[in-house]
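The structure appears below as structure tokens.
The values are calculated or read from the model by the stated rules, or taken from the named source; none is laboratory data. Here the structure is a predicted model, which is why all the values come from computation and not from measurement. Here the Cβ positions follow ideal geometry from the backbone for every residue, glycine too, while neighbour counts run over all protein chains shown. Each accessible area value is taken on the protein alone, full model and side chains, heavy atoms only, with ligands, DNA and RNA left out. Shrake-Rupley method; radii C 1.70, N 1.55, O 1.52, S 1.80 Å.
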Amino acid sequence: MPSNIPAEPGEGGGVRSVQRAFDILTLLTEDRRTLTIREVVEETGLAKTTALRLLQTLEHLGLLWATPKGFTAGPALWRWAHLARSAWELPPETVQLMRGLGARHRETVNLYVPRDVRRICIAQQESPQPLRHVVRVGDELPLWAGASSKVLLIGAPERLLERVARSSPYGEAHVVTLRAWAGQAAHDGYAASHGEREPGLSAVAVPVATGLRAPVAALTLSGPTVRFTADRVGEFAADLREAAKRMSERGFDHPLT
């Protein structure tokens with residue numbers, strides 16, 4: 001099906017127009033639900049005529065909706081959001097296990113799956129405490145540090161470890177550390193991290209596996225380091241392992257795994 005987004009002159013103009021259209025859509029946030037032409041021009045650097053043409057095209061496609069105050073999210077985005085939610089939605093039993101962990105320990109619970117040299121959050125139960133760690137569903141984080149990364153790299157091929165190392169601030173030499181972390185996580189059945197990616201942030205993670213395969217996901221509790229004492233880390237790990245075991249037994253399935 002051909003795109004209705006107008007192409008621009010020159011090689012790659014169509015692709016450039018698509019990128020600019022998505023740049024406009026990403027300006028919409030929970031705090032800013034309406035865009036004016038002036039805001040689009042100022043924040044994208046597009047000429048007013050180009051911005052207006054793209055806005056009108058997005059409206060025609062249903063991705064934006066014109067109102068007296070500006071352009072807001074259109075009905076087509078709602079349909080896409082519904083499809084994405086259906087695809088990403090976890091089984092009720094898995095959600096309940098995560099809620100139970102959050103209620104017992106009052107720390108943020110996240111579920112990550114690997115994607116090349118990064119990990120993606122596919123589910124979250126936010127801590128009720130004022131001082132907490134928050135990663136939203138859909139957020140991507142690096143695999144070169146953090147408790148979740150350590151368990152997700154269990155059994156990873158050497159080539160992947162090397163690419164993760166190259167993507168880190170430490171360069172290729174980091175592969176030695178990654179290999180050691182993954183080996184320790186495999187031996188212990190869990191991994192912990194303290195300030196490896198962000199100062200003052202700690203996490204405990206366990207692998208979620210199916211059969212003899214490498215981990216397909218990492219189940220994690222995270223929060224301020226001051227609350228992650230040695231005793232608490234042990235408690236977190238034990239409870240996380242039990243929850244991950246139940247997830248694995250019922251068969252963990254997700255579009256990204």
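Computed quantities for the displayed model
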{"quantity": "Residue that is closer than 28 Å to residue 104 by Cα, modelled with pLDDT of 95 or more, open to solvent by less than 10 Å² (accessible area, probe 1.4 Å) and out of contact with any Cys (no Cβ under 7 Å at 6 or more places or on another chain), where the choices are 151, 208", "calculated": "151"}
{"quantity": "Candidates 89, 30, 107, 93 - the one that is modelled with pLDDT of 95 or more, closer than 30 Å to residue 223 by Cβ and of a type in the set (Asp, Glu)", "calculated": "107"}
{"quantity": "Segment 217-236, residues that are closer than 24 Å to residue 143 by Cβ and either surrounded by fewer than 20 Cβ atoms within 10 Å (Cβ to Cβ) or among the aromatic types (Phe, Trp, Tyr) (or both)", "calculated": "224, 225, 228, 233, 236"}
{"quantity": "Residue check for residue 119: at pLDDT 95 or above, crowded, with 19+ Cβ neighbours inside 10 Å and touching a Ser or Thr at 6+ places or on another chain (Cβ under 8 Å)", "calculated": "yes"}
{"quantity": "Residue within segment 84-92 that is closer than 26 Å to residue 185 by Cα, hydrophobic (A, V, I, L, M, F, W, C) and in contact (Cβ under 8 Å) with a residue 12 or more places away in the chain present", "calculated": "yes"}
{"quantity": "For residue 169: the one exception among (1) open to solvent by 40 Å² or more (accessible area, probe 1.4 Å); (2) assigned to a helix (DSSP H, G or I)", "calculated": "(2)"}
{"quantity": "Qualifying residue in segment 59-81 (condition: surrounded by 13 or more Cβ atoms within 10 Å (Cβ to Cβ), in contact (Cβ under 8 Å) with a residue 12 or more places away in the chain, closer than 30 Å to residue 166 by Cβ and not β-branched (Val, Ile, Thr))", "calculated": "no"}
{"quantity": "Criterion violated by residue 32 - all others in (1) open to solvent by less than 100 Å² (accessible area, probe 1.4 Å); (2) out of contact with any Lys or Arg (no Cβ under 9 Å at 6 or more places or on another chain); (3) assigned to a helix (DSSP H, G or I) satisfied", "calculated": "(3)"}
{"quantity": "Filter result (of a type outside the set (Gly, Ala, Ser) and modelled with pLDDT under 90) within segment 56-86", "calculated": "77, 78, 79, 80, 82, 83, 85"}
{"quantity": "From 185, 103, residue being free of Cβ contacts under 8 Å to residues at least 60 places away in the same chain, open to solvent by less than 10 Å² (accessible area, probe 1.4 Å) and in a helix (DSSP H, G or I)", "calculated": "185"}
{"quantity": "All positions within segment 122-132 that are in contact (Cβ under 8 Å) with a residue 40 or more places away in the chain and open to solvent by 40 Å² or more (accessible area, probe 1.4 Å)", "calculated": "131, 132"}
